[in-house]
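Taking it in order: structure first as structure tokens, then the write-up.
The values are calculated or read from the model by the stated rules, or taken from the named source; none is laboratory data. Model, not experiment: these values are computed from the prediction. Every residue, glycine among them, receives a Cβ derived from its backbone with ideal geometry; neighbour counts consider all protein chains shown. Side chains are part of the model used for accessible areas, which takes the heavy atoms of the whole protein and leaves out ligands, DNA and RNA. Shrake-Rupley method; radii C 1.70, N 1.55, O 1.52, S 1.80 Å.
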Amino acid sequence: MIKAIIVDDESNAIEGLLWELSKFSYKVQVVTTFTDPELALEYLKEAQIDCVFLDIEMPIMDGFTFLEKVPNRSFSVVITTAYNEYALKALKKEAIDYLLKPIDSDDLKVAIHKIEKQVTELYSLESFEIMLLKFNNRQSRKK
């Protein structure tokens, strides 16, 4: 299951995305939502999540500034915005997808598939690293 949060200054946009994500409730669990990006940043210091659905244009802090404040990002980012002019910048910030509001169900389905793939690859890599460490420890003991 993908654990996600939503960061958007518009509560109507959050409700709309929650409704769209409810169709994928067996794949995505929205842990919490934020209309204040500062509170979301505080939450991310402690929480382990797989994805942030992030709006770009917010009055307190824009989405790109938000991403800059998370230097060691271990989660996927899906940009959700009403503006198409930020797509290139979103790619440069390593967003996994870029969804235009109102969010299309088919586009969201593709984004969720990308997140699943990235999460699976991350867990596979971590499992491989653990296996190598265990193997290396056994070899060290034999010497």
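Which residue is nearest to Gln48 (Cα to Cα), if the candidates are limited to the range 1-25 and must be open to solvent by 90 Å² or more (accessible area, probe 1.4 Å) and either among the aliphatic types (A, V, I, L, M) or in a helix (DSSP H, G or I) (or both)? Give the derivation first.
Keep residues of the range 1-25 that are open to solvent by 90 Å² or more (accessible area, probe 1.4 Å), which gives 1, 10, 12, 15, 19, 23.
From the residues that got through so far, the ones that are either among the aliphatic types (A, V, I, L, M) or in a helix (DSSP H, G or I) (or both) too are 1, 12, 15, 19.
Values: Met1: 13, Asn12: 26, Glu15: 23, Trp19: 23 Å.
Across the range 1-25, the extreme among qualifying residues is Met1.
Residues checked against (1) open to solvent by less than 80 Å² (accessible area, probe 1.4 Å); (2) touching a residue at least 60 places away in the same chain (Cβ under 8 Å); (3) on the phi > 0 side of the Ramachandran plot:
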site: Arg73; (1), (2), (3): yes, no, no
site: Leu88; (1), (2), (3): no, no, no
site: Lys93; (1), (2), (3): yes, no, no
site: Ile96; (1), (2), (3): yes, no, no
site: Leu99; (1), (2), (3): yes, no, no
site: Glu116; (1), (2), (3): yes, yes, no
